[in-house]
Amino acid sequence: MDITQAVVLGLVQGLGEFLPISSSAHLVLVPWLLNWSYSGLTFDIALHVGTLIAVVIYFWKDWLNLLSKGITRPGEREGKLFWYLVLATIPGALIGYLLENVAETVFRNPVLIACMLILLGIILYIVDRMGKKEIDVAHITLKTSFLIG
């Protein structure tokens, strides 16, 4: 991989992470469409870690506040939000751990990824048209947090 490819994939990850698209899927599709060699899951993870570091740095005061309230005042709004975020992380982490071997092979297939992006795009479009539902943090339950995750 040359520097141009690394920069392009970094931009795809950095921009894609904050849009309602799968940055991980695009990290597979872009090299495939441009006929580049596969950079590997390790490089993709490094890009995600870079994005995580950027978000933590940008929102460090918010993270510190949530962590503090989660420990000192778990019953209040911000304290609950902290624990809901922790709980919402568990399903994805668990699924990622259990499907680690499959993620490197089956889930890296560009045709499968393209089909799933189309299918999920249709599902999101339909759900969006059915109506918007906003839930205040005060009304979020442990079950809701787990399902969101």
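The values are calculated or read from the model by the stated rules, or taken from the named source; none is laboratory data. Keep in mind that this is a model prediction, so the values were computed, not measured. Note: ideal-geometry Cβ built from the backbone for every residue, glycine included; neighbour counts use all protein chains shown.
Observations
- Unmet criterion (only one of (1) surrounded by 13 or more Cβ atoms within 10 Å (Cβ to Cβ); (2) over 15 Å from the mean Cα position of the chain (by Cα); (3) among the charged types (D, E, K, R); (4) farther than 23 Å from LEU147 by Cα) for LYS80: (4)
- Within the range 115-132, residues that are under 16 Å from LEU19 (Cβ atoms) reach partners that are surrounded by 10 or more Cβ atoms within 10 Å (Cβ to Cβ) with beta carbons closer than 6 Å, at six or more positions or on different chains, in the pairs LEU117/ALA25.
- Qualifying residue in the range 105-116 (condition: exposed (fewer than 12 other Cβ atoms within 10 Å of the Cβ) and modelled with pLDDT of 90 or more): yes
- Filter pass, SER39 being assigned to a loop (DSSP other than H, G, I, E, B) and either in the same structural domain as ILE118 (by TED's automatic domain parsing) or of a type in the set (Gly, Ala, Ser) (or both): yes
- Only a single item in (1) more than 15 Å from ALA25 (Cα to Cα); (2) part of a helix (DSSP H, G or I); (3) more than 19 Å from the chain's Cα centre (by Cα) is not met by LEU147, and it is number (3).
- Selected residue (only one of LYS69, LYS61 is over 30 Å from ASP2 (Cα atoms) and loosely packed, with under 11 Cβ neighbours inside 10 Å): LYS61
- Residues located in the range 103-141, provided they are assigned to a helix (DSSP H, G or I), β-branched (Val, Ile, Thr) and closer than 30 Å to TRP83 by Cβ: ILE123, VAL127, VAL137
- All conditions but one from (1) within 22 Å of GLN13 (Cβ to Cβ); (2) modelled with pLDDT under 90; (3) in contact with a Leu (Cβ under 8 Å, 6 or more places away or on another chain) apply to THR89; the one that does not is (3).
- Qualifying residues in the range 1-44 (those that are of a type in the set (Ser, Thr, Tyr) and in contact (Cβ under 8 Å) with a residue 60 or more places away in the chain) - the one surrounded by the most Cβ atoms within 10 Å (Cβ to Cβ): SER22
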